[in-house]
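First up is the structure itself, then whatever we jot down about it.
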Amino acid sequence: MNDATRDHGVQPVEALMERWGLTAHQLVENSEEQLNHKQVQRARKGRQLTLHLMQKVTRAVNDAIFKSLPAAKRADFVPYFHRHLFNYAKGYDPSWSDPNDALCPK
């Protein structure tokens, strides 16, 4: 597999992080797993990741969003799956609409 087939361009996770006002540092800081800045950067820019790393980034995004929500809104939060954050993931649907739009501050 050459480098051209491993680069998928900017991923939906990038837009999601911008909408929620999240930084790579927040994901790394809030992650209970060993996630680093380089992995987050690779995820955002579209370098092909393993399923395990896609899931790790997804858990970090969900945790960071959940912790940023007021306690009253946390019950309404619907967690994201890796297929919502990466356009090369199995099951990705470009027409998917975010159920958390009403909770999103931006």
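Each value in this text was obtained by applying a stated rule to the coordinates, not by laboratory testing. Worth saying up front: this structure is predicted, and the values here are computed from it rather than measured.
Taking each full run of DSSP H in the chain as one helix, which ones are at least 24 Å long along their axis (Cα atoms) and have mean Kyte-Doolittle hydropathy of at least -0.5? Write out the running numbers ahead of the final one.
Details: long enough: 51-68 (26 Å, 0.07).
Helix filter hits for the chain: 51-68.
List every residue whose amide H lies under 5 Å from the amide H of Arg47, counting only residues 5 or more places away in sequence or on a different chain, with H placed 1.01 Å from N in the peptide plane.
His8
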